[in-house]
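Bear in mind that the values in this text are calculations on the coordinates, not laboratory data. Quick caveat: nothing in here was measured; it's all calculated off a predicted structure. Positions of Cβ are backbone-derived with ideal geometry, glycine not excepted, and every protein chain shown enters the neighbour counts.
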Amino acid sequence: METLLEKGEKKLKEWKHQVEELNKQLHFGITETKEEFEEQKKGLGRWLDSLGDQLEDTKHLSREKHLSIKSSLEELRVQVALGKAETEEHSKKQLRNITLGLHNLKQKLSNTYNSTKDSAYDITEEMSNQLEDFHLRFDLFRLRLHLGKAEAEEEWDEKKKELSHKLAVIKAKLNRAEKETEIKWDGFSSEMGTAWQHFKKAF
């Protein structure tokens with residue numbers, strides 16, 4: 001069983017990794033964005049397979065909740081299993097469906113862990129956090145493709161600066177927290193939640 005300190009340290013590492021990955025994605029060109037989109041589809045597909053296995057092992061979920069989550073999971077799995085998007089319109093359609101599927105699955109898990117106790121809470125909270133990471137990545141793909149045309153390049157450059165700045169603010173908070181010997185975790189977690197919300201709103 002992890003201590004609160006260990007959980008906090010693990011979460012800090014996850015957030016730092018997330019910032020690094022999003023920052024890297026932010027600086028991709030259109031071709032790289034499309035290639036990375038296909039890679040992330042594969043990664044999401046693998047994660048959904050492992051998620052299905054975890055759900056089978058979760059004893060605390062009612063049959064109704066289990067079937068509800070499984071249904072959303074299967075719908076999303078179908079979307080990420082689709083072949084490579086050959087056209088821009090095809091890419092945008094896949095992205096739309098994947099982000100909608102991520103949102104639906106996230107909502108189901110959120111409703112579940114808000115009404116679940118014991119070990120199932122930890123499992124579903126971890127799942128929700130991972131889904132949030134995927135959701136951010138696919139939203140960023142969507143934004144990049146939307147502003148991918150030459151006439152929107154200036155708008156993309158401005159948006160990229162704004163998002164880079166917000167990621168730098170998050171990174172600074174994480175670096176400061178790493179140096180502190182004692183973090184008031186509830187307060188810091190809330191502060192980070194607000195910082196991520198500001199990043200998402202910039203989309």
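Here is how the numbers come out for the structure above:
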read-out	value
Peptide ranges 81-93, 126-138 listed from the most packed, as the mean C-beta count within 10 angstrom indicates	126-138, 81-93
Estimated translational D of the chain in µm²/s (Stokes, Kirkwood radius over Cα pairs; 20 °C; 1.002 mPa s)	117 µm²/s
Which listed pairs, of Lys70/Lys159; Lys11/Lys92; Lys13/Lys84; Lys13/Lys93; Lys173/Lys201, have C-alpha distances above 29 Å, in listed order	Lys70/Lys159; Lys11/Lys92; Lys13/Lys84; Lys13/Lys93
Value of [θ]222 nm, deg cm²/dmol, for the chain, DSSP H segments ≥ 4, -39500 (n - 2.57) each, nearest 500	-29000 deg cm²/dmol
Trp47, Trp15 arranged by Cβ crowding within 10 Å, fewest neighbours leading	Trp47, Trp15
Separation in nanometres of the label points that stand 7 Å from Cα toward Cβ, at Lys93 and Glu158	3.2 nm
Within the chain: Cβ-based charge dipole about Cα centre, in debye rounded to nearest 20 (Lys, Arg +1; Asp, Glu -1)	320 debye
Qualifying GluC sites (Glu not before Pro) in the range 142-203, DSSP loop, other Cβ atoms within 10 Å at most 13	Glu180, Glu182
Efficiency of FRET from Cβ geometry, Asp139 and Ala81, R₀ 22 Å, rounded to 0.05	0.60
